[in-house]
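Okay, structure first, notes after.
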Amino acid sequence: MKKLLIIEDEAALQDALQKTFTAEGYEVSQAFDGEEGIKLAKEKIPDMILLDLILPKKHGFEVLQDIKADDSLKNIPVLVLTNLEESTEVMKAIELGARGYLIKANYALKEVLAKVKDILG
Amino acid sequence: MNTFHIISQCRKYNVSLWSCPPFLFIVMGAINIAGMFTTSVVAQRFSDDPAMVIIAVSMMAAFLFVVGNTVVTSFQRLADASRIKSEFVNIVSHQLRSPLSVIKWQLELMLDQTKVVPADSMVTMGTIRLQNERMIALVNDLLEVNRIEDDRVILRPTKIMLDSFVEQLVNGYKPFAEQAKDKLSFICEARPLVVFVDDAKLRWVTENLLDNAIRYTKAGGEVTIKVLRAKNKARVEVTDSGIGIPATDQAMIFQKFFRSENALLVRAEGTGLGLYLVKSLIVAMGGSVGFASMEGKGSTFWYTFPLVDSGTTVQKK
């Protein structure tokens, strides 16, 4: 069973993602802020992380930096799921090591699922 | 160094050099010096009294200072207002996306679990979903307009086969044309036609033209998409037998928020951003766009892109 960590502060989005991935047989952990996200990542060592950018306590970019700086976490693929779309943000996420960048409003849950499956192979 | 500093400041304001406050400040300074010098020359010619010359020069300096200050301050206010408007649209649009994505995903979950939604509510749910998608598209359009105005369009160009690219899009529009009872045809006069464009943006542009052609053509009409080679360019033409554009409106058709009178009668909704974005995106990708239309007879919208060799690598813009 693949382990997934979702770092997202919006409860309704967490709920939709959790239901979608659980139904597909993933073991889902949920973090509602950046700090909790890092803590859970270290605890669970997931196969993949879905990361929002605007998060309480710690911004998504800082979370991404921390993940990439930690030897036990740096190889976990991170998919950024956000509604920010400026070229500077997309570039920064990719530079920091994100494997993908999806705009939540423009992607259906099925498409997010397909992207995750594609990255996990 | 100072020149570069001014250019970078003007870039920040995103206005032309002649509307840029720091540049205008320097221009007004130069005008001030030139004005004072000219006044002193003229005053010395008409008066031998040094006191009179000093008074004339001082008055001219004061006058030019006030005029210069007014000009620079006014442009500063305009530039600030434009920047604030742009930031406001950006923030509001991004903020709107959050609740819109919540509705989108929750609806998707609900519609997938048909047990939850009674069969007779499915139509209503479908309508809500359609309206949610419309709002998302509208927010995306607003963000794109903002990026175009601020010269921040994100382009990811790659080489594509324009002929098969357009053919696929036309095939996708067959159900919509059938529903509208219009005949949709695709003609390809040359292939392969390789162009270097952002395929997502070109898809948006082409779909927008197809959508307009079908939407503004009455049942029983025809919409024909032709792909051809015109010298060293690939050309796509979307021709319809629709309502056409009145001659008086034709000059304004690519303007932001413009909608022609007869279009409003056919379809009340619509923002008037579509063709503005079509033109801006095509130009940003290095292409050209135009149209020919006759009211009551129909329209042909076309765009062209320079052909590139499929074998050689193209330098990214």
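The values are calculated or read from the model by the stated rules, or taken from the named source; none is laboratory data. Source: prediction; values computed, not measured. Note that we place each Cβ from the backbone using ideal geometry, even for glycine, and neighbour counts take in every protein chain shown. Surface areas here come from the heavy atoms of the whole protein model, side chains and all, with no ligands, DNA or RNA. Shrake-Rupley method; radii C 1.70, N 1.55, O 1.52, S 1.80 Å.
Looking at (1) at positive phi; (2) of a type outside the set (A, V, I, L, M); (3) part of a helix (DSSP H, G or I), find the lone condition where A:Glu43 falls short. With respect to (1) at positive phi; (2) of a type outside the set (A, V, I, L, M); (3) part of a helix (DSSP H, G or I), A:Glu43 is out only on (1). Every listed requirement among (1) surrounded by fewer than 16 Cβ atoms within 10 Å (Cβ to Cβ); (2) part of a helix (DSSP H, G or I); (3) free of Cβ contacts under 8 Å to residues at least 12 places away in the same chain; (4) not hydroxyl-bearing (Ser, Thr, Tyr) is met by B:Asp48 save one, (2). Of note, B:Thr206 does not satisfy the criterion of being out of contact with any helix residue (DSSP H, G or I) (no Cβ under 6 Å at 6 or more places or on another chain), of a type outside the set (A, V, I, L, M) and at pLDDT 90 or above. Test B:Phe254 against the criterion of being part of a loop (DSSP other than H, G, I, E, B) and either at pLDDT below 90 or open to solvent by 70 Å² or more (accessible area, probe 1.4 Å) (or both), and give yes or no. Spelling it out, it is not the case that B:Phe254 is part of a loop (DSSP other than H, G, I, E, B) and either at pLDDT below 90 or open to solvent by 70 Å² or more (accessible area, probe 1.4 Å) (or both).
Among the residues here, A:Leu84 qualifies as of a type in the set (A, V, I, L, M), within 14 Å of chain B (Cβ to nearest Cβ), open to solvent by 20 Å² or more (accessible area, probe 1.4 Å) and closer than 22 Å to B:Ile103 by Cβ. Reported count of residues in region A:1-42, each being open to solvent by 10 Å² or more (accessible area, probe 1.4 Å) and either more than 14 Å from chain B (Cβ to nearest Cβ) or among the acidic types (Asp, Glu) (or both), is 21.
The set of residues from region B:126-170 being β-branched (Val, Ile, Thr), more than 12 Å from chain A (Cβ to nearest Cβ) and either surrounded by fewer than 16 Cβ atoms within 10 Å (Cβ to Cβ) or in a helix (DSSP H, G or I) (or both) comprises B:Thr127, B:Ile128, B:Val145, B:Ile148, B:Thr158, B:Val166, B:Val170. If you filter region A:45-76 down to residues that are surrounded by fewer than 17 Cβ atoms within 10 Å (Cβ to Cβ) and in contact (Cβ under 8 Å) with a residue 40 or more places away in the chain, you find that the one that is farthest from the chain's Cα centre (by Cα) is A:Pro56.
Consider region B:69-120 and keep the residues that are under 30 Å from B:Val27 (Cβ atoms) and within 14 Å of chain A (Cβ to nearest Cβ). The one that is modelled with the highest pLDDT is B:Glu87.
Tallying residues that are within 12 Å of chain B (Cβ to nearest Cβ), of a type in the set (A, V, I, L, M, F, W, C) and out of contact with any strand residue (DSSP E or B) (no Cβ under 9 Å at 6 or more places or on another chain) within region A:100-121 yields 4.
Sort through B:Ile6, B:Ile26 and tell me the only one that's within 42 Å of the chain's Cα centre (by Cα) and either open to solvent by less than 80 Å² (accessible area, probe 1.4 Å) or on the phi > 0 side of the Ramachandran plot (or both). That would be B:Ile6, the only listed residue that is within 42 Å of the chain's Cα centre (by Cα) and either open to solvent by less than 80 Å² (accessible area, probe 1.4 Å) or on the phi > 0 side of the Ramachandran plot (or both).
The residue list B:Glu108, B:Glu178 contains one member that is assigned by TED's automatic domain parsing to the domain that holds B:Thr271, among the charged types (D, E, K, R) and in a helix (DSSP H, G or I), which is B:Glu178. Can you name every residue in region A:90-99 that is within 12 Å of chain B (Cβ to nearest Cβ) and either assigned to a strand (DSSP E or B) or open to solvent by 40 Å² or more (accessible area, probe 1.4 Å) (or both)? Across region A:90-99, the qualifying residues are A:Met91, A:Ile94.
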